[in-house]
4 protein chains.
Amino acid sequence: MNRRLRLGMVGGGPGAFIGAVHRIAARLDDRYELVAAALSSDAERSMAGAKELHISRAYRSFEEMAASESKRPDGIEAVSIVTPNNLHYAPAKAFLEAGIHVICDKPLTTTLGDALDLAETVKRMGLVFGLTHNYTGYPMVRQAREMISTGELGPVRLIQVEYVQDWLTTPLEKTGQKQAEWRTDPARSGPAGSLGDIGTHAYNLACFVTGLSCEHVAADVTTFVSGRRLDDNAHVMLRFSKGAKGGLWATQVAPGNENNLSLRVYGEKAGLEWRQENPNLLSFTPLGQTRRTITRGGPGSGSAAAHASRIPSGHPEGYLEAFAQLYTDLAEQITAKIEKRPPNPDSLSVPGVGDGVEGVKFVNAVLESSRNRSAWTAIPPPH
Amino acid sequence: MNRRLRLGMVGGGPGAFIGAVHRIAARLDDRYELVAAALSSDAERSMAGAKELHISRAYRSFEEMAASESKRPDGIEAVSIVTPNNLHYAPAKAFLEAGIHVICDKPLTTTLGDALDLAETVKRMGLVFGLTHNYTGYPMVRQAREMISTGELGPVRLIQVEYVQDWLTTPLEKTGQKQAEWRTDPARSGPAGSLGDIGTHAYNLACFVTGLSCEHVAADVTTFVSGRRLDDNAHVMLRFSKGAKGGLWATQVAPGNENNLSLRVYGEKAGLEWRQENPNLLSFTPLGQTRRTITRGGPGSGSAAAHASRIPSGHPEGYLEAFAQLYTDLAEQITAKIEKRPPNPDSLSVPGVGDGVEGVKFVNAVLESSRNRSAWTAIPPPH
Amino acid sequence: MNRRLRLGMVGGGPGAFIGAVHRIAARLDDRYELVAAALSSDAERSMAGAKELHISRAYRSFEEMAASESKRPDGIEAVSIVTPNNLHYAPAKAFLEAGIHVICDKPLTTTLGDALDLAETVKRMGLVFGLTHNYTGYPMVRQAREMISTGELGPVRLIQVEYVQDWLTTPLEKTGQKQAEWRTDPARSGPAGSLGDIGTHAYNLACFVTGLSCEHVAADVTTFVSGRRLDDNAHVMLRFSKGAKGGLWATQVAPGNENNLSLRVYGEKAGLEWRQENPNLLSFTPLGQTRRTITRGGPGSGSAAAHASRIPSGHPEGYLEAFAQLYTDLAEQITAKIEKRPPNPDSLSVPGVGDGVEGVKFVNAVLESSRNRSAWTAIPPPH
Amino acid sequence: MNRRLRLGMVGGGPGAFIGAVHRIAARLDDRYELVAAALSSDAERSMAGAKELHISRAYRSFEEMAASESKRPDGIEAVSIVTPNNLHYAPAKAFLEAGIHVICDKPLTTTLGDALDLAETVKRMGLVFGLTHNYTGYPMVRQAREMISTGELGPVRLIQVEYVQDWLTTPLEKTGQKQAEWRTDPARSGPAGSLGDIGTHAYNLACFVTGLSCEHVAADVTTFVSGRRLDDNAHVMLRFSKGAKGGLWATQVAPGNENNLSLRVYGEKAGLEWRQENPNLLSFTPLGQTRRTITRGGPGSGSAAAHASRIPSGHPEGYLEAFAQLYTDLAEQITAKIEKRPPNPDSLSVPGVGDGVEGVKFVNAVLESSRNRSAWTAIPPPH
């Protein structure tokens, strides 16, 4: 029987993309209960947001929250930090010092000094510190890592990693778009633009999967969009430990690429290829053999992938979201009944008992036709 | 602010695949709280299962649960029924009569009489009844439906739908595999095998997306595996309302297909194609123009899809599961700390503060190299 | 040393699509010399066409050609018949009776009586008769056939074949388009439209690859386009010898499909899938193993495929056409020089000596940069 | 009416891969007649090879050939040079000086001095010189170039080009494999290995399609296989004219990649992507719109692609080879009849008159079933 941990959250009020993602992620496997929050640096918005999200203990600031929660017998055991890059360090430090485990969005900090200080604090306090390089949670990424660590590729020679987007092809930050604004603002993002935002994901993925560390880089970092204050493209040549070499390309100005993260690794004995846009597949080719496609949970998929899976093979992972959509639409329909109001029309696209009746009619007609030398057989009209 | 509904569950104890899926689906968007359950027809297992799953009110049978919950002021407002096919009717009927909204797994029932009786009961009681044909919850399926209903295809002529699997290629039911056993047992599945299990999903999807009803079928239903008691393959020719025609193929004996559900619809003006194995994409070709790929949330994706989406375009829906995996692994690490025991080694594959330090070093080295005419620049070794 | 056969052609004058294809096909491997032709039922056009195509002996009719060529010591040894469907029988019969081998476009004839008569004549005369179901010439189709014949799939259970096009979605034949006109005209195409034009290709492919014969069909043939005189869609359920079953779908009214011919075969032990739109790949999944991709000439590809290949693995077969394009563009440039006229501007897109110089500069600069710690190294400007 | 040019060949005797490809390419569109050759530096093999290939005038050396042909009234008008890299310069020079147009395999030469000398000679003599960077002949490559030149991408920012193979992952040159031997031998290949062999193709493709010239490179060239004398991997960062940047990766040690040449170009307004392994497709995404797939000859495909096409849209270019295979197999069958010997068994996989009879039976049975309410209808057994 799994323990449910008491969780707090800093940042990520209603409407923030990444805050909502963290809350869903915490809820999915039922291992956390979100009980405390300082959702905004604006105290009023922080209080209102917590109420809207059914979070019982709301705080006006993260400092207050760390101080108070660490004293309660039922205080939070862990905290999620989902603020912009420049606001990771201070709350992380505060909660660690208060003896609370930390889950923090990436990149860790905007300066190496802050990063090292956090590393030291984690070590001193003996706490868990998770950095949400979320792509490492994909079953097929775990699978790739496992296969390399068990030697299926032989010594690794080549690592090509790319993170290619197009959403900053134009000066979007000048239109008031919030995501673009803070990501191109050195004060909030630190010295790196695309490089920090997505280049670090690509870099982490390459290191995570191969187990190698990178020793040298030669780089060409560019700002293509006129007037932009941080880079929007980075070409990097990489030299890893043990003689491996590679290339990293991160860009946000390549039209036609929404979120094209890909990793290719080649060793002396085999090659592996993975693309985030179809994450349930891993392409694997032993030298001199046919290319094979390993699927999540399918043949050739091992224990690391199984540990990270919830559903059987064949269903892509979005299966759970599609299933959830029915529950959510039904919640709206049921709530509308209870509240005696009309439901949101978009929530009505859920199969109901009538669809069930049609399904039974279909089965009956098919079986009858097949028994009757495949004669055309009528399905009674919907009633 | 969304109301959280009080939910009960019938069937789906620990270990059952579809029960776990329903619970995750109910939890994902935080619209339900699971407070009551009769998880098994075996009373002891029912009680133990509820405890393991943190469900506060456990019942020894669904009859007891319906009677008791309908009298409590804080009784459940909705119930999920996730039992085998032959056990849908009785609990659905019981909860409907008790005034409780029902969410039921498909197919609705194994006989038309039962199905019609439930339809009548739903109507009489004025309750919500959801049937979890879960594929209708995919954003791109909603998108396809919306495009057809607004006339982007013109009058529909052709509907090809397939649900192709391979897991029953051999007589798996003779090995004691539970999923295979009940699905090939007429007593528990009713008169249809593959046809009922997956053919009804395909049929529902075709009708859901096109808005057409099917009027006639000509079918050839086959049992390929010797000794199997229900069909494992169905070829069906379809004639729909308004002159549309189509083909449906459902099989569980086609090696190389895990869960290959696909739908293709062609009208006088355009064609649409969707495959569940890459559900975030919808292929759309207006006659005489180039084929285009509509992505979830991307250009050309409309309001019905947006209603069913949680994350921005480019991230496949498994993104949430990958994110959740990090939270779940961290829950295990934190719990182990609290319980002073070693964590499950599989849970250790989560980036931590050290990875954050490496990320900052990488950014610094890349920026330095780029400033320095792309000179090779060292990354300090991991400390 | 390969003999070069003397070849004649009936039908297929300049401008006819399939005539040009037959001539290229005959030329590609240098096994034929086209020396005689009756290219048109119009005697004048027949003579002019032969001259344009450098064919030395032109005839006013196929009857004259058969009579004359069969008497010459250097007469043709084989003839290609590339006329519309209704004009296959007479010339085929004439050349066979004249002792000349025949290569004939499909479908063989428009009536069974004619077909059987040709079969009898071929047998009686002891001649070679080739029917250009051209898809059987793909290396990966040969590979699939070989794998099934050697038992890699075990007994075949399911055969799904489709040929899906969109070019007749509208009443194109009413616009004067020649290809559409004769294909929808019962007098020239016989009793079948799409069924004869592309359904027979699909059917032949299914039988060719599996080695099974089809024993029964149940079919639904439709004309969707108002006013069309022949079918434009056929749904067919198939029962093959040895208990195999299948589905065939042929249509010319599915927007978004240019020439989508595909074949899927599933046996007790494995499955195979092939699509003409990417013909160099064959997908093969042994039950319970990962899906593998066999490439033309690559690992897992056998002798039947090798027999049908001209180039090494990795190059798709269009490689030869791309190569030929350079030769053809250069022919135009050279001819223009000889004829002292400007060349067709489209022929100028061929790399020349200047591109070669640039290539050498690039190699030199890359090697210099790499030797010099990857310093940025200039490439001298084009001169 | 097209003139047929008299062509000679230097190098490429029977058995040489690239020589056979050049001959097929010259033959495909019937614009050349191969009448003279010096196929080998070994005079005896040169004479024997010419006889085997039906080439009427054989020479013992290219010098002799240039001297003799330039004097004949019916001498060759053009020559193909298909020798190893180090043997391009001398024959190219000789034929140019003899006033004969030259078609030469890439790379042009192994030194810049030789390259510049040839360029000067071409200019002085006023002759055509074609360098067979064959990938530029693909219709979709021409299409990409046309779209960029007409401004559909806006100013180009990013150019990513890769040529990835795996055939030199092991020290194949030590096994006696001829292709590997000369390509890893500095004496025959010049100073560059993979870089010269395939990197130059990638570079040429990038420049050809974008019309930009590259001004600076920063490179990391590697030999991964121990004992190999030339590079087998090159990472290159590129800076083009007009501010565009890019990356080039050429390798022959990446398991799972047979011949993976790809090009991606991104401008301010749109992006283009092309992969040689499926060369009939071009992916095009205008910023903020859906991704569309342009097919050879399909909607959106323009005049440059049409100029380079032989067959209608939908048929991949390998269609012609498949067609040719039937002709070639039939040539073998017919020749065997003439020579009264058994044919090569592999040549028997060609549909014949019996298949035509089966096709007619199939059509008849399908039409009868459809007329008869889709009743199962027998196909008479093969006779």
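Readers should treat all values here as calculations from the given coordinates under stated rules, not as data from a laboratory. Every value quoted in this text rests on a predicted model; they were computed, and no experiment measured them. Counting neighbours? That spans all protein chains shown, and the Cβs are built from the backbone with ideal geometry, glycine included.
Summary of computed values
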{"read-out": "Point-charge dipole on Cβ atoms (K/R +1, D/E -1) for segment A:1-153, about Cα centre, debye to 20", "value": "280 debye"}
{"read-out": "Unsatisfied cross-links (Cα-Cα over 26 Å) in the set A:LYS245/A:LYS269; B:LYS71/B:LYS178; B:LYS269/D:LYS269; A:LYS178/D:LYS242; B:LYS71/B:LYS93", "value": "B:LYS71/B:LYS178; B:LYS269/D:LYS269; A:LYS178/D:LYS242"}
{"read-out": "Alpha-carbon spread of segment A:194-263, three principal axes, descending order, Å", "value": "41, 23, 16"}
{"read-out": "Percent breakdown of C-alpha pair distances by 10 Å bin, ordered from the shortest bin, for segment A:173-214", "value": "28, 38, 23, 11, 1"}
{"read-out": "Segment C:187-309 - Kirkwood radius from inverse mean 1/r over Cα pairs (Å)", "value": "16.4 Å"}
{"read-out": "Cβ-placed point charges (K, R +1; D, E -1), dipole of chain A about Cα centre in debye, nearest 20", "value": "780 debye"}
{"read-out": "Centre separation in Å (Cα based) which lies between segment D:35-90 and segment B:61-92", "value": "90 Å"}
{"read-out": "Shortest-first nm distances, B:LYS337 label point to equivalent points in other copies (7 Å, Cα→Cβ)", "value": "4.5, 7.7, 8.5"}
{"read-out": "³J(HN,Hα), Karplus 6.51/-1.76/1.60, whole Hz, each residue of segment A:224-235, x for Gly, Pro", "value": "7, 7, 4, x, 5, 8, 10, 5, 10, 7, 9, 9"}
{"read-out": "Unit charges at the beta carbon, dipole of chain C: most positive-side option, C:GLN160, C:SER309, C:THR150", "value": "C:THR150"}
{"read-out": "Contact order normalised by residue count of chain B, Cα under 8 Å, 6+ apart, percent", "value": "12 percent"}
{"read-out": "Where the Cα pairs of segment B:258-383 fall when distances are cut into 10 Å bins, in %", "value": "10, 21, 20, 21, 19, 7, 1"}
{"read-out": "Prolate/oblate/rounded call for chain D, Cα gyration tensor, a/c under 1.5 rounded", "value": "oblate"}
{"read-out": "Chain D: antiparallel DSSP beta bridges as a percent of all, rounded to 5", "value": "60 percent"}
{"read-out": "Cα-centre dipole for the protein assembly as shown with unit charges at Cβ (Lys and Arg positive, Asp and Glu negative), debye to 20", "value": "0 debye"}
{"read-out": "Nm distances between copies for A:GLU268, ranked from closest, using label points 7 Å along Cα→Cβ", "value": "4.4, 5.1, 6.7"}
{"read-out": "Considering only the protein assembly as shown, percent of DSSP beta bridges that pair antiparallel, nearest 5", "value": "60 percent"}
{"read-out": "Kirkwood Rh, Cα atoms: Rg over Rh of segment C:235-285", "value": "1.02"}
{"read-out": "Shielding score for B:292-301, defined as the mean number of other chain Cβ atoms within 10 Å", "value": "4"}
{"read-out": "Centre separation in Å (Cα based) which lies between segment C:187-255 and segment D:227-281", "value": "43 Å"}
{"read-out": "Within 10 Å of each Cβ in D:48-60, the average number of Cβ atoms from other chains", "value": "1"}
{"read-out": "Computed E for A:LEU112/A:ALA187 - FRET, C-beta separation, R0 25 angstrom, nearest 0.05", "value": "0.90"}
{"read-out": "Cβ crowding within 10 Å averaged over residues, with D:66-77, B:159-170 ranked highest first", "value": "B:159-170, D:66-77"}
{"read-out": "Segment A:1-95: C-alpha gyration tensor shape, a/c 1.5 cut-off, then a/b vs b/c", "value": "rounded"}
{"read-out": "Overall form of segment A:311-383 per C-alpha gyration tensor (a/c, 1.5; a/b vs b/c)", "value": "oblate"}
{"read-out": "Cα centroid of segment A:160-179 to Cα centroid of segment D:102-134, whole Å", "value": "44 Å"}
{"read-out": "Ratio Rg/Rh [Cα only; Rh per Kirkwood] for segment C:108-209", "value": "1.05"}
{"read-out": "Exercise: per-residue mean of other protein chain Cβ atoms within 10 Å, A:106-116", "value": "5"}
{"read-out": "Pairwise label distance in nanometres, A:THR223 with B:THR175, each label 7 Å out on the Cα-Cβ vector", "value": "6.1 nm"}
{"read-out": "Relative contact order of segment D:82-226, defined on C-alpha pairs under 8 angstrom at six or more residues apart (%)", "value": "26 percent"}
{"read-out": "More than 63 Å apart - percent of Cα-Cα pairs taken over the protein assembly as shown", "value": "18 percent"}
